[in-house]
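Here's the structure, in structure tokens; my notes come after.
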Amino acid sequence: MDDDKKITDREQGLARTLTQRQLTMIGLGGAIGTGLFMGSGIAIGYAGPGVLLSYLIAALIAVVMMYSLSEMAVAHPTAGSFGTYAELYLNRWAGFVVRFTYWAAQSIAIGGEAVAIGLYMRFWFPDIPVWMWTTGFGAAIIYANARSASTFGSLEYWLSTIKIFAICAFIVFGLAVVFGIGRPAVGFGHYTAHDGFLPHGFRGVWMGVLIAIFSFYGIEIIAVTAGEAADPAKAVPRAMRTMIARLVLFYVLSLGIMLAIVPWPETGAKEVAHSPFVKVFTFFDFKYAAAAMNVVLISAALSSMNANLYLCSRMLFSLARAGLAPAPIGTLSASGAPVAAIGVSSIGVGIAVLTSMFSPVAYGYLFGVALGGGILVWLMILLSHLSFRRNWEKSGKAPSAVHAPWFPWLQYLGIFLLVAVLVTMAFDAEFWNVGVISASVWVAFLSGVYVFRFGARRQKAPLVET
């Protein structure tokens, strides 16, 4: 009996209705959220203009991770995605820990996006508490996500389209300002005007990498949607290649333009209240443009919430189908949506509401906790791929439609850089160490639950022989 077929077959039942076009926009939707629009202000505060190097380093890690993940997703298109791959190619404990960790991290990330929306709304309604906006928008996204996969795909497609159109408009407008089309040229003097290109040295650049990784966090959604893609063998690799190119272009180009137009001390801030994108427009007294951009920022956060809730629910659905979570969570509605998993995965919104009511730095703490769990998941993806490729080649199978280049050296590089980020977080007492502490406690807790519930059964990874 083929263990890998048994593991992937148990997650059947989800409707395969997502197109390659929707997959690409869903991937962008998951990755372009507050990490770019709001978190970039924190990154600029750390690194100054050197933040461009921060995002290039993070992009390298993201590309390595996505090639590894996409290769496995084409071979095994399942909703459990990297959680299933960890179970297949490492062991059952790894699959259990990865899926629950990702579920928890994304749940917290949903809450972070909801808090960001509340902060954005203060642009117009400064007297209304953030937690009220967090509650209202959170409820709306939960309702929307509980519909069918095709409805989710359509909503995410249009929300992503809005923010991508806005980024493109920002880039066009910004280039005109930088190079003097219709007005005096701003040029690139701000890159070195305030203590140079690296005002805080390489340490600042490396701290910016933490934010940049969080900005790319969510691109793994393409592999998860493989379980509901109409033709995963074609759609996943195309969507992956298109999405990575667009992400690097959007992040690096938009940040480069922003830093050229506005002096980085006025854009960067370690305490986030407004997006640096809005500051660019208000700096030139384009008040209506700033208000319009704020609408885009809210759409971007809603898009990211929508995509993250999708991810959470599919991970929890996969756990239930594997017998690692209560069975009712693995049920599907008449339209093929895991409504029970969606409901449980909405816990992050509740946490965000409570946190924003009692803490003025809610976004920063949610940021750190989500990042700690996310980096752990990326590490497990790379470790799973190392085992996957060796098993795959040992079985004599043809290469996947996506073939990660320079194996295994890029995977080792990605693992080294991610471990270095975790070490950096652990020694930062501001709020980043919260991510490492919470991730460590969480993994210890999950391990205890696993041993208590399942003992040492099926610890060995099943060999792939099909």
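A compact table of results
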quantity: Nearest-0.05 FRET efficiency for Val443 and Arg238, computed from C-beta distance (R0 45 Å); calculated: 0.80
quantity: Gyration tensor verdict on the stretch 140-211 (Cα atoms; rounded if a/c is under 1.5, prolate if a/b is larger than b/c, oblate otherwise); calculated: oblate
quantity: Extension gain, Asp195 back to Thr331 (0.36 nm per residue minus Cα-Cα distance, nm); calculated: 43.2 nm
quantity: Dipole magnitude (debye, nearest 20) for the stretch 110-204, charges at Cβ of Lys, Arg, Asp, Glu; calculated: 100
quantity: Rounded accessible area per residue of the stretch 128-188, 1.4 Å, Å²; calculated: 49
quantity: Phe165-Arg203 pseudo-label distance in nm [points 7 Å out on the Cα-to-Cβ vector]; calculated: 4.6
quantity: Loop-resident sites, the stretch 371-451, for trypsin sites (Lys or Arg not before Pro), counting at most 16 other Cβ within 10 Å (DSSP); calculated: Lys397
quantity: Enclosed volume per residue, in Å³, of the convex hull spanned by Cα atoms of the stretch 74-227; calculated: 206
quantity: Two-site FRET efficiency, Tyr143 against Trp409, from Cβ-Cβ distance with R₀ of 35 Å, rounded to 0.05; calculated: 0.15
quantity: Apportionment of accessible area to carbon and sulfur, the stretch 93-231, percent (1.4 Å); calculated: 72
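The values are calculated or read from the model by the stated rules, or taken from the named source; none is laboratory data. Every value quoted in this text rests on a predicted model; they were computed, and no experiment measured them. Note that each Cβ is placed from the backbone with ideal geometry, even for glycine, and that neighbours are counted across all protein chains shown. Calculation scope for accessible area: heavy atoms of the full protein, side chains included, ligands and nucleic acids excluded. Shrake-Rupley method; radii C 1.70, N 1.55, O 1.52, S 1.80 Å.
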